[in-house]
Amino acid sequence: MRLNPCELEIDLFCSGARVPVDVPLDGARGVRRTRAGLGSGLELVIPTASWLKPEIWVNVPVVEPFAERSPFVLSGDAGALEILDERSGERYPVRIPRQPAWYDRLTSRDIEMSRIGVMQGTYLGIDINPICEFWDSGLNCRFCTTGENVGGIESAAKTVEDVVETCWAAKAESGVTFVHLNGGFQGSHALEFAAPFVRAIKEEVGLLVGVQLTPERDFSRYARLIDLGVNHFSFCIELLDPEWFARVCPGKARTLGQDLFFEAMEYCASRLPRGAVSGEIIAGIEPIESTIAGIERIVSIGAFPTVCIFRPTTGSPMADWAPPAYAEMRTVMAAMYDACRRHRLPIGLAPNIEVSLVVNPDDAAFLADRTLDFYTFEAWRRTLRVAARPMFHRELRAAVRR
Ligand code: SF4
């Protein structure tokens with residue numbers, strides 16, 4: 001049976017793909033295992049030929065052992081690549097995004113820009129903080145490989161100048177509109193640490209800025225970052241079931257607790273425009289009933305869910321786990337879109353933000369039944385997107401000209 005574009009995305013996340021050595025990948029973005037490692041695959045773009053959205057970006061597992069058993073195989077030549085599903089014989093045209101030229105360029109401190117930030121879909125991801133402190137205490141999340149990556153392929157220490165220069169290059173040459181500043185657990189000083197980066201990017205570059213850090217108890221620090229111009233906060237709650245949370249995320253469970261994630265999410269959602277805050281969860285570890293309950297809890301706060309499909313990443317303590325089942329993940333993603341529709345969350349509003357590491361909420365529109373409310377919601381989203389253009393245009397102007 002032929003899969004629709006979102007179904008193909010989900011199945012690629014679950015199954016991975018094989019890449020024969022004779023398939024040309026010249027100029028493709030390299031497979032980069034940065035921080036948590038969930039983006040350790042090959043970046044692919046699936047054209048949709050649909051009015052819902054023109055294309056879907058997906059970071060396909062190709063190096064993990066389960067990918068060797070995948071029914072999907074990349075085939076064709078440079079101008080006409082496709083994914084062949086050997087079960088059905090169906091072929092899906094795909095495109096491989098090129099590695100940006102700025103990846104090899106050096107910052108003023110002679111550091112390759114790709115060691116400062118990398119493209120994850122169409123946005124720039126930068127891990128600003130030093131290595132997550134959970135790795136020092138052995139309390140790291142079990143799916144994570146941060147401790148293996150920082151200091152190697154990724155620069156361990158990044159200055160504000162490194163980050164600003166890399167953001168400039170990514171904006172000018174790759175058309176980036178959004179930079180996501182990440183970091184793991186840094187005690188209670190991660191938000192403070194992020195402030196000079198946020199200020200410099202907003203003043204000197206002019207990008208939408210997202211911050212993804214473990215939650216802190218002093219909410220005034222979120223207010224300060226909002227005053228500096230932060231556009232988005234995301235909170236990686238990962239798992240809803242308390243026992244699974246404690247088992248897979250022992251540092252988060254012992255040091256922070258699940259409630260703090262939701263309280264911080266709620267605070268930020270009350271201070272930022274609707275749809276500017278997200279709660280991130282991983283599907284495919286706990287039972288999907290819990291995942292779907294987590295999605296419902298996130299949307300009830302006014303945040304939108306970003307749902308990662310679990311990847312048993314090489315080098316992580318969960319490397320020998322099985323990847324999730326496609327049918328279950330399809331159910332989760334359909335529930336994600338349905339929750340956003342029912343709660344009228346303005347998903348997919350910001351320009352040019354396609355996240356390759358997750359199934360974007362608006363990708364999952366392909367899974368929805370074509371009811372009257374589906375069309376009403378989609379028409380509402382499009383109207384909002386047009387209305388929001390002047391606001392985003394202002395946000396993408398640097399406050400201080402260089
Ligand atoms: S908080 Fe967990 S997922 Fe994030 S960097 Fe630390 S160990 Fe990894």
Considering only the chain, what is the antiparallel percent among its DSSP beta bridges, to the nearest 5?
50
Using a 1.4 angstrom probe on the protein heavy atoms only, could you order His343, His393, His232 from most to least accessible area?
His393, His343, His232
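Considering only protein heavy atoms, what per residue accessible area in square angstrom results for the chain with a 1.4 angstrom probe?
39
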Would you mind calculating the gained length between Val23 and Ala327 on full extension (0.36 nm times residue separation, minus the Cα-Cα distance), in nm to one decimal?
106.5 nm
Expressed in nanometres to one decimal, the distance between label points 7 Å along Cα→Cβ at Asn4 and Asp369 is 1.3
Would you rank Ser174, Ser40, Ser300 by solvent-accessible area, highest first, keeping every protein chain in place and using a 1.4 Å probe?
Ser300, Ser174, Ser40
Quote the charge dipole size of segment 268-316 about the Cα centre in Debye, to the nearest 20; the model charges only the Cβ of Lys and Arg (+1) and of Asp and Glu (-1).
240
In units of 2.2 N^0.38 Å, what is the alpha-carbon radius of gyration of the chain?
0.92
Under 21 Å from the Cα of Lys158, which lysines turn up, not counting those fewer than eight places away in the same chain?
Lys171, Lys202
Just name one of Ile128, Leu240, Leu106: the one whose Cα is farthest towards the positive end of the charge dipole of segment 105-254 (beta-carbon charges, Lys/Arg +1, Asp/Glu -1).
Leu240
Can you compute the FRET efficiency between Ala80 and Ala49 using 1/(1 + (r/R0)^6), with r the Cβ-Cβ distance and R0 = 22 Å? Round to the nearest 0.05.
0.90
For a quick check of understanding: with a 1.4 angstrom probe and all protein chains in place, what accessible area in square angstrom does Arg105 have, to the nearest ten?
100
Candidate cut points under trypsin sites (Lys or Arg not before Pro) in segment 172-238, DSSP loop plus at most 12 other Cβ atoms within 10 Å of their own Cβ, are Arg217
Candidates Gly294, Gly183, Gly138: whichever shows maximal mean-square fluctuation once the chain is modelled as a Gaussian network with Cα springs under 10 Å:
Gly138
Using a simple charge model, +1 on the beta-carbon of Lys and Arg, -1 on the beta-carbon of Asp and Glu, nothing else, what dipole does the chain show about its Cα centre, in debye to the nearest 20?
1160
Expected field for Asp241, accessible surface area in Å² at 1.4 Å probe radius, rounded to 10, holds 50
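Please report, as a whole percent, how much of the solvent-accessible surface of the chain comes from carbon and sulfur atoms (probe radius 1.4 Å).
Carbon and sulfur atoms account for 53 percent of the accessible area of the chain.
The values are calculated or read from the model by the stated rules, or taken from the named source; none is laboratory data. The shown structure was predicted, so the numbers you read here are calculated from the model rather than taken from an experiment. Virtual Cβ from ideal backbone geometry, glycine too; neighbours counted across all protein chains shown. For accessibility, only protein heavy atoms count, side chains too; no ligands or nucleic acids. Shrake-Rupley method; radii C 1.70, N 1.55, O 1.52, S 1.80 Å.
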